[in-house]
Amino acid sequence: MGHQYQVTIFRAEQLQRLRNVRIHSPSIIQIISGSKRLYWKESAVEFSHSQLLLCEASASLSFENLPQKGRFVSRVFSFHCSPDGSMLEMSVERAFDNDVPTIDADNTLKDILNALSSFDLGGMSKETQTFWLMGLYQQLAEQGLLHRLFPSEKVTFSQTLSHYLSRSPGEAHPLQSVAERFAMSKATLIRKLKQEGTQYRELLADVRLNHALHLMQNGCCNVTMLSQLCGYQSEGRFSQRFKRKFGLTPSAYMKTIYSRPQP
């Protein structure tokens, strides 16, 4: 069963620099320990546990994760269902001028995020997940913030496609088969993605490389296995793509997660 949202934990025990990290679904990033330095519009914005980072779908982030007392931990909440139009209208009406992507995290928002993080989604229906999400969306709308996560209530095709690909990023996903899955021709799929400023090969690579980050965060430390799990037949090609995308090799990224070698 596909979930209406996902919570992912990211950790670092050393300074962790990443660039061009693609956000495929509207997301909130919450710092638990340490701080994050975000490179935003030719400036640097540093934030910690007292603030939240709001990311709309298709955002590309470059940042440094900064451990405090040897530890950095963050939670990324990714949302796969949209708010209704009335919530977005309220959010726009109550909006205020703020060119910074972070917001102050009040106790209510923290409590809601803690609740969402605590649930076992495997035992929760889509309807119940949606019920809890709508509470978060309502709170953000009342503060004039929701439209910064969801500029439109319509989910883009690239967002829908990336969510589909992320369910099995290690599979081949030939273009013809994926087009048939969405009941369209290859030409139509290519045209839809072009209208949204992306290409199928680029989208698939982004999904696979983001999956590699998640695998390493969850203890996968073998580059050969990583490349296979992410759909690459060549370990060298995988490492090359990873470095070109994020600015460091998979092995270098692993060293930032753990201060001691892993068995």
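The values are calculated or read from the model by the stated rules, or taken from the named source; none is laboratory data. Here the structure is a predicted model, which is why all the values come from computation and not from measurement. All Cβ positions, even for glycine, are placed from backbone atoms using ideal geometry, and neighbour counts span all protein chains on display. What goes into the accessible areas is simple: the full protein's heavy atoms, side chains included, and nothing from ligands, DNA or RNA. Shrake-Rupley method; radii C 1.70, N 1.55, O 1.52, S 1.80 Å.
Some observations on this one:
- Positions within region 1-17 being open to solvent by 10 Å² or more (accessible area, probe 1.4 Å) and either under 23 Å from Thr256 (Cα atoms) or touching a Pro at 6+ places or on another chain (Cβ under 7 Å) (or both), in sequence order: Val7, Thr8, Ile9, Phe10, Arg11, Glu13, Gln14, Leu15, Arg17
- Criterion violated by Ser35 - all others in (1) buried (at least 16 other Cβ atoms within 10 Å of the Cβ); (2) touching a residue at least 40 places away in the same chain (Cβ under 8 Å) satisfied: (2)
- Residue pairs whose Cβ atoms lie under 8 Å apart, sitting 6 or more positions apart in sequence or on different chains, and linking a residue in region 82-99 that is more than 10 Å from Glu142 (Cα to Cα) and in contact (Cβ under 8 Å) with a residue 12 or more places away in the chain to a partner that is in a loop (DSSP other than H, G, I, E, B) and of a type in the set (Gly, Ala, Ser), are Phe96/Gly144.
Residue by residue, here is whether (1) free of Cβ contacts under 8 Å to residues at least 40 places away in the same chain; (2) in contact with a Gly (Cβ under 8 Å, 6 or more places away or on another chain) holds:
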| site | (1), (2) |
| --- | --- |
| Phe10 | no, no |
| Leu15 | no, no |
| Val21 | no, no |
| Ser27 | no, no |
| Glu46 | yes, no |
| Asn65 | no, yes |
| Gln68 | yes, yes |
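- Any hit, region 18-29, residues being modelled with pLDDT of 95 or more and closer than 13 Å to Leu66 by Cβ: yes
- Every residue from region 39-53 that is of a type in the set (A, V, I, L, M) and buried (at least 19 other Cβ atoms within 10 Å of the Cβ): Leu52, Leu53
- Hey, Ser58 more than 13 Å from the chain's Cα centre (by Cα) and either open to solvent by less than 20 Å² (accessible area, probe 1.4 Å) or of a type in the set (S, T, N, Q) (or both) or not: no
- In region 83-125, the residue that is surrounded by the fewest Cβ atoms within 10 Å (Cβ to Cβ) out of those that are polar (S, T, N, Q), over 21 Å from the mean Cα position of the chain (by Cα) and under 21 Å from Ala59 (Cβ atoms) is Asn98.
- Subset of region 126-143 (residues that are open to solvent by 50 Å² or more (accessible area, probe 1.4 Å) and of a type in the set (Phe, Trp, Tyr)): Phe131, Trp132
- Residue in region 201-209 that is closer than 22 Å to Ala12 by Cα, open to solvent by less than 50 Å² (accessible area, probe 1.4 Å), of a type outside the set (A, V, I, L, M, F, W, C) and assigned to a helix (DSSP H, G or I) present: yes
- Region 61-82 - residue that is in a strand (DSSP E or B) and of a type in the set (S, T, N, Q) and, of those, most open to solvent (accessible area, probe 1.4 Å): Gln68
- Ala141 closer than 19 Å to His80 by Cβ, assigned to a helix (DSSP H, G or I) and among the hydrophobic types (A, V, I, L, M, F, W, C): yes
- Subset of region 173-205 that is hydroxyl-bearing (Ser, Thr, Tyr) and modelled with pLDDT of 95 or more - its residue that is farthest from the chain's Cα centre (by Cα): Ser185
- Region 219-232 residues that are within 15 Å of Ala252 (Cα to Cα), paired with ones that are part of a helix (DSSP H, G or I) and of a type in the set (Ser, Thr, Tyr) (beta carbon under 7 Å, 6 or more apart): Val223/Ser239; Val223/Ser251
- Checklist (1) more than 28 Å from His49 (Cα to Cα); (2) among the hydrophobic types (A, V, I, L, M, F, W, C); (3) buried (at least 19 other Cβ atoms within 10 Å of the Cβ) applied to Leu146, failing item: (1)
- Count of residues meeting criterion [assigned to a strand (DSSP E or B) and open to solvent by less than 60 Å² (accessible area, probe 1.4 Å)] in region 23-32: 5
- Answer residue from region 213-263, given it is basic (Lys, Arg) and part of a helix (DSSP H, G or I) and is least open to solvent (accessible area, probe 1.4 Å) among those: Lys245
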